[in-house]
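S.K.: Here it is: the structure, laid out below.
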């Protein structure tokens, strides 16, 4: 196996090895937290470094493919590193490292003793596998690795409320997996392969044949449902708010940043490579899904009065923007989706990190019981403003440029109603973020209502953790990335544009896979 092959599989090998070593560390020294911390930080840092090298290699040398076990394509396990997949791997590595740092500060010893860090790395293994796989069956396998790990993370140290959210999360994802398997069975029976590049070629040869058009539409609809559940699009999002609201903030932040994006990645990959959406009767449905996901999500956020619940509903709303780029289906729109995913993962993870600090110091996440954080932690207020305004799409932050690309693509294809919805949702996003700012940071004290119906004031009993700097370090890092993405948008846009072109015309992807199988 060459060094290039090792580089491609490194996002899988390193988290697997780190997770196993962490498990051995627990078995040998179950009470030693320092071993777990050192191994986790080192492993996540190495994943980030190798992810940067992998992306650099893809940029300079083109799409990289490895056939595991030397089995020829389409029979072997194919891993494909193109710009889209390596961007997603890099995003995963950044969130993995910042998530580990945040966990070092916030996860209690009880959860660490039951294997929090090993399971976290197995989660990263599943996520990276889903991004790099070139085979639909192995995409299912990596989904299951990711989901089993997330089940365990949600179950460690459960409270009754957390159990309710976990049951809903497990049930809906098992249903999604069943749909996925059904679609795979029909697809394999029809075409005889599950390799994505091979499927793309064979579907191009039979597309237009009346005898198979109905089956192709059925299979693509099943994939839309199962991936739509995992991405939490309308009307399949109902499982998300409770599932992401109840776990500890470190877990919620990693879930919010990465898990739904795996579903979005699968949607974009499948409906650009195998079932091009511009050739499918499902395109109109996906356009409506994008618009309704944006609207329903933001209305749910506006109605909430708890920080993490507001942020959870905003996950749904922002997924709509990512699907909007796929639905419009132009190179510019797909570039907008890629840019938006990168922006949103950083911003949303950071906002959940900030919510964890608020809950830790204020004792609650309820807006009416909070206040005065600007005077107490002014730098946290600044970090919140950066992330919140970026989420709302205000210039010169990354969210503005991500939305601008999507709005331009919508105007070019004259989808004016979808552009109007996107603008309206941005205003409501700004409103809900302003509500958090006013209640948590700007309001000097919290207000309660006494038995006579009159407002009474009371002071918050702030409880600053001794390791507050460790809590704030990942928040600072993600805030700086958000700022740099906005400032450097002129540099990032050509890169996103090339990725959009590569997705819109997957010829290079297909040719690279077939060359590797010769």
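The values are calculated or read from the model by the stated rules, or taken from the named source; none is laboratory data. As the structure is a computational prediction, the values presented were derived from the model and not from experiment. Reconstructed Cβ throughout: ideal geometry from the backbone, glycine too, with neighbour counts over all protein chains shown.
S.K.: Residue by residue through the stretch 471-501, note down the ones that are at pLDDT below 90 and touching a helix residue (DSSP H, G or I) at 6+ places or on another chain (Cβ under 6 Å).
M.R.: 489
S.K.: Residues in the stretch 15-38: is at least one touching a strand residue (DSSP E or B) at 6+ places or on another chain (Cβ under 6 Å), in a helix (DSSP H, G or I), touching a residue at least 40 places away in the same chain (Cβ under 8 Å) and under 30 Å from residue 60 (Cα atoms)? Steps first, answer last, please.
M.R.: If we filter the stretch 15-38 for residues that are touching a strand residue (DSSP E or B) at 6+ places or on another chain (Cβ under 6 Å), which is where we start, we get none.
Within the stretch 15-38 (the criterion being touching a strand residue (DSSP E or B) at 6+ places or on another chain (Cβ under 6 Å), in a helix (DSSP H, G or I), touching a residue at least 40 places away in the same chain (Cβ under 8 Å) and under 30 Å from residue 60 (Cα atoms)), the answer is no, since none of the residues qualifies.
S.K.: Is it the case that some residue within the stretch 340-359 is in contact (Cβ under 8 Å) with a residue 60 or more places away in the chain and not in a helix (DSSP H, G or I)?
M.R.: Taking every residue of the stretch 340-359 in turn, none turns out to be in contact (Cβ under 8 Å) with a residue 60 or more places away in the chain and not in a helix (DSSP H, G or I).
S.K.: What is the residue count in the stretch 209-257 for residues that are buried (at least 24 other Cβ atoms within 10 Å of the Cβ), without any contact (Cβ under 8 Å) to a residue 60 or more places away in the chain and assigned to a loop (DSSP other than H, G, I, E, B)?
M.R.: The qualifying residues number 0.
S.K.: Continuing with the same structure: Out of all the residues in the stretch 380-390, is one or more within 23 Å of the chain's Cα centre (by Cα), closer than 19 Å to residue 298 by Cβ, without any contact (Cβ under 8 Å) to a residue 24 or more places away in the chain and assigned to a helix (DSSP H, G or I)?
M.R.: Checked against the condition, which is being within 23 Å of the chain's Cα centre (by Cα), closer than 19 Å to residue 298 by Cβ, without any contact (Cβ under 8 Å) to a residue 24 or more places away in the chain and assigned to a helix (DSSP H, G or I), the stretch 380-390 yields no hits at all.
S.K.: Residue by residue through the stretch 317-333, note down the ones that are over 16 Å from residue 231 (Cβ atoms) and in a helix (DSSP H, G or I).
M.R.: At the first step, the residues of the stretch 317-333 found to be over 16 Å from residue 231 (Cβ atoms) are 328-333.
Hits for the stretch 317-333 are 328, 331, 332, 333.
S.K.: Taking the options 437, 417, name whichever one is in a helix (DSSP H, G or I), touching a residue at least 60 places away in the same chain (Cβ under 8 Å), surrounded by fewer than 22 Cβ atoms within 10 Å (Cβ to Cβ) and within 27 Å of the chain's Cα centre (by Cα).
M.R.: Being in a helix (DSSP H, G or I), touching a residue at least 60 places away in the same chain (Cβ under 8 Å), surrounded by fewer than 22 Cβ atoms within 10 Å (Cβ to Cβ) and within 27 Å of the chain's Cα centre (by Cα) holds for just one of 437, 417, which is 417.
S.K.: Among (1) part of a helix (DSSP H, G or I); (2) over 18 Å from residue 329 (Cα atoms); (3) at pLDDT 90 or above, which single condition is residue 374 missing?
M.R.: (3)
S.K.: As an exercise: evaluate residue 68 against (1) surrounded by 18 or more Cβ atoms within 10 Å (Cβ to Cβ); (2) in contact with a strand residue (DSSP E or B) (Cβ under 6 Å, 6 or more places away or on another chain) and give the number of the one condition it does not meet.
M.R.: (1) is the only condition that residue 68 fails.
S.K.: The conditions are (1) more than 18 Å from residue 147 (Cβ to Cβ); (2) out of contact with any strand residue (DSSP E or B) (no Cβ under 9 Å at 6 or more places or on another chain), and residue 196 fails exactly one of them. Which is it?
M.R.: (2)
S.K.: Among the listed residues 108, 128, 138, identify the single one that is closer than 24 Å to residue 512 by Cα and either surrounded by fewer than 20 Cβ atoms within 10 Å (Cβ to Cβ) or touching a helix residue (DSSP H, G or I) at 6+ places or on another chain (Cβ under 6 Å) (or both).
M.R.: 128
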